[in-house]
1. From S84, S119, which residue is surrounded by fewer than 16 Cβ atoms within 10 Å (Cβ to Cβ), under 18 Å from L64 (Cα atoms), in the same structural domain as A61 (by TED's automatic domain parsing) and small (G, A, S)?
2. Run A67 past the list (1) in contact (Cβ under 8 Å) with a residue 24 or more places away in the chain; (2) within 21 Å of the chain's Cα centre (by Cα); (3) exposed (fewer than 15 other Cβ atoms within 10 Å of the Cβ) and report the number of the one that doesn't hold.
3. Of everything in the stretch 87-116 that's of a type outside the set (V, I, T) and under 17 Å from the mean Cα position of the chain (by Cα), which residue is surrounded by the fewest Cβ atoms within 10 Å (Cβ to Cβ)?
4. Got at least one residue in the stretch 109-119 being touching a residue at least 24 places away in the same chain (Cβ under 8 Å), within 20 Å of K45 (Cα to Cα) and not in a strand (DSSP E or B)?
5. Output the residue which, of all residues in the stretch 27-56 that are assigned to a strand (DSSP E or B) and in contact (Cβ under 8 Å) with a residue 24 or more places away in the chain, is surrounded by the most Cβ atoms within 10 Å (Cβ to Cβ).
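The values are calculated or read from the model by the stated rules, or taken from the named source; none is laboratory data. These figures come from a predicted structure and were not determined experimentally. With ideal geometry, Cβ positions are generated from the backbone for all residues, glycine too; neighbour counts draw on all protein chains shown.
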Amino acid sequence: MNREEKIEQIKKKKYFVKGDVAVFAAALLLICAFFLFSFLMPEQKGEEFAVVYKNEEIFRASLLTDAEYVFYVSEGAGRVESYSAEKEYKDYNRISVQGGEVRVTGSDCPDHACEWQGSVRYGDIICLPHGLRIEIRGKGLETDV
């Protein structure tokens, strides 16, 4: 369709012609395909997690074994050990591993954002006040960045 024909169609109050509708339909299909591909693809599960304090890995454990750990800061160093309810901790994050997922279930930081992140099986959990990062690791989770 040339310019004059298009102007005639607009004068007849036909703003879209068959070719325009086909282009919009194709674009809409591509957008829908992208969202389906990116959000409905099965996500990779991590195999282990690492506790990183001040950009240094201090602990690593499997996600396949259910357990409870506690991260705490003592004398300027980060430490991780099995959680004990009888022991009292300061500057701590309680880490729970259940069903292949890890979460922070308790903390004494002011904002508790690390607890609100919930259970994760890929990605990171970060507690800025304590300088803690929990990284989920496994095949297919690596990036090139």
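1. S119
2. The failed condition is (2).
3. In this case the residue turns out to be W116.
4. no
5. F49
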